[in-house]
Amino acid sequence: MTGIEKIAKQLSSGYTLDDEQVLLQLEDFRIVLRSNSKELLDKLAYYFAHVVADDNLELFDIEIIVIEQSAPELDLHFIDWKREPGKTGRKDAYADFEEGRVIKKVRTGMIFLQSKNCLLAAGPCIDNDNQVINYINAQYMNHLQHKGALICHASALALNENCYAIAACSGGGKSTLMLNILEEPRLAYVTNDRLLLQEVEAEITAYGIPKLPRVNPGTIINNERLRPILSDDRQKELESLPKQNLWDLEEKYDVLLHDLYGYGKITSKAKLKAFLILNWQRDSEDDCAIEKVELADRRDLLAAIMKSPGPFYQYKDNHFYSDDTKLDEDAYFELLKNTVIYEATGNIDFYFATRYFMINVVEQE
């Protein structure tokens, strides 16, 4: 028995899996979810409703086991995963074995096993279902990367099978702008924070992951459709805050698109047509402006697009991604060099950017 198998046995010992399963159909990739908690399975089925399959549950590519329990105590030496520039505090820690990796979420105590033959999550999963959802999505991202896709830190929308991506540094407003633009009935949601791009027959296919938007109160309070996510009392509290404080407030809420927009508002992939890079600044005294740029002259903008695969990424040969691996800027440039790139500069202006998108993109379709 390998080290990972021993840990999996330790984490699952004494827990009985529920008879129900949830099957996710992610393009050509199928994931079956099993758990000892029917409550958790029901939550995951509701969250992933737009990709749940109800056909043969015996046909799947990978199986993920999720064990609801208190935060496990493992006698392992965990190493802190380095945070990206601009991020502070401890988030992930890991312990590597020859055949796999154990990842610990420092703040919640959640444990995730990542190996070719064992995918298991354990801990207070119901209270931290967002981390379970991220773990599930990480497996789909691994699958796409094995096919040659690159990860982008971007939101994206689709219109007539064409994809329009929005990138920015963290906190740059890409989710807020994306949700504002999504009010256009003809547009569909592709992704909020992770976009995977793969060149297929001289075109770039953009894949979204089944991760719903997760936004801060500042985004919610300024969008009438989203306001019901918050209680009336919480809305009043937020409205009394100074604008700067509201912008900086970190308090994440899931935007359940099928509840707020109805079904049929989500698409899983489209052909990449353009990228909008939000290079604007809150303290700029200049009016917001959006202009086309040549990526060959502005390779610096790639920094807002490129994204680390993170601690869950396992290569085809089963070794793992390291936190000191440098991202391949040339690979991103080669992939995107012929893509139309827009840059937003000056002060942050969601109204202007939304109108620009509607006039120069939507109305041109």
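The values are calculated or read from the model by the stated rules, or taken from the named source; none is laboratory data. As the structure is a prediction and not an experimental result, all values here were calculated from the model. Cβ: placed from backbone, ideal geometry, glycine included. Neighbour counts: every protein chain shown.
Kindly provide the set of residues from the range 21-48 that are of a type outside the set (Lys, Arg) and surrounded by fewer than 16 Cβ atoms within 10 Å (Cβ to Cβ), ordered by number. Glu27, Asp28, Glu39, Asp42, Tyr46 - these are the residues of the range 21-48 that are of a type outside the set (Lys, Arg) and surrounded by fewer than 16 Cβ atoms within 10 Å (Cβ to Cβ).
Would you please name the residue that is nearest to Asp42 (Cα to Cα), looking only at residues in the range 94-144 that are assigned to a helix (DSSP H, G or I) and among the hydroxyl-bearing types (Ser, Thr, Tyr)? It would help to see each step written out before you state the result.
Step one: list which residues in the range 94-144 are assigned to a helix (DSSP H, G or I), which gives 129-144.
Retained after the next criterion (residues that are among the hydroxyl-bearing types (Ser, Thr, Tyr)): 135, 140.
Details: Tyr135: 17, Tyr140: 20 Å.
Only one residue fits best here, namely Tyr135.
Which residues, counting only those in the range 329-354, are assigned to a loop (DSSP other than H, G, I, E, B) and in contact (Cβ under 8 Å) with a residue 60 or more places away in the chain? Talk me through it step by step, then tell me what you get.
Looking only at the range 329-354, we keep the residues that are assigned to a loop (DSSP other than H, G, I, E, B), and these are 337-339, 346, 348-349.
Result: Thr339, Gly346, Ile348, Asp349.
In the set (1) closer than 30 Å to Asn318 by Cα; (2) in contact with a Cys (Cβ under 7 Å, 6 or more places away or on another chain), the condition left unmet by Ala167 is number (1). Per the listing Leu23, Leu40, Leu17, the residue uniquely at pLDDT 95 or above and over 23 Å from the mean Cα position of the chain (by Cα) is Leu17.
Quick one: which of Glu161, Glu99 is in contact (Cβ under 8 Å) with a residue 24 or more places away in the chain, in the same structural domain as Gly310 (by TED's automatic domain parsing) and farther than 25 Å from Val215 by Cβ? Don't jump to the end; show me each part of the working.
Details: Glu99 fails: in the same structural domain as Gly310 (by TED's automatic domain parsing).
Only one candidate qualifies: Glu161.
Beta carbons closer than 7 Å, at least 6 apart along the sequence or on distinct chains, pair a first residue in the range 205-218 that is small (Gly, Ala, Ser) with a second that is part of a helix (DSSP H, G or I) and surrounded by fewer than 21 Cβ atoms within 10 Å (Cβ to Cβ) for Gly218/Leu246; Gly218/Trp247.
Exposed (fewer than 15 other Cβ atoms within 10 Å of the Cβ), among the hydroxyl-bearing types (Ser, Thr, Tyr) and over 25 Å from Met306 (Cβ atoms): is that true of Tyr253 in this structure?
On the way: exposed (fewer than 15 other Cβ atoms within 10 Å of the Cβ): no; among the hydroxyl-bearing types (Ser, Thr, Tyr): yes; over 25 Å from Met306 (Cβ atoms): yes.
Spelling it out, it is not the case that Tyr253 is exposed (fewer than 15 other Cβ atoms within 10 Å of the Cβ), among the hydroxyl-bearing types (Ser, Thr, Tyr) and over 25 Å from Met306 (Cβ atoms).
If you go through the range 300-307 one residue at a time, do you hit one that is in a helix (DSSP H, G or I), of a type in the set (A, V, I, L, M), free of Cβ contacts under 8 Å to residues at least 60 places away in the same chain and over 30 Å from Tyr140 (Cα atoms)? The answer is no; no qualifying residue exists.
The listed residues are Ile277, Ile266, and the only one of them that is in contact with a His (Cβ under 7 Å, 6 or more places away or on another chain) and in the same structural domain as Leu182 (by TED's automatic domain parsing) turns out to be Ile266.
Just to be sure before I move on: is Leu11 at pLDDT 95 or above, aliphatic (A, V, I, L, M), surrounded by 15 or more Cβ atoms within 10 Å (Cβ to Cβ) and in contact with a Lys or Arg (Cβ under 7 Å, 6 or more places away or on another chain) in the structure I sent? Reasoning before the result, please.
On the way: at pLDDT 95 or above: yes; aliphatic (A, V, I, L, M): yes; surrounded by 15 or more Cβ atoms within 10 Å (Cβ to Cβ): yes; in contact with a Lys or Arg (Cβ under 7 Å, 6 or more places away or on another chain): no.
So Leu11 does not fit the description; no.
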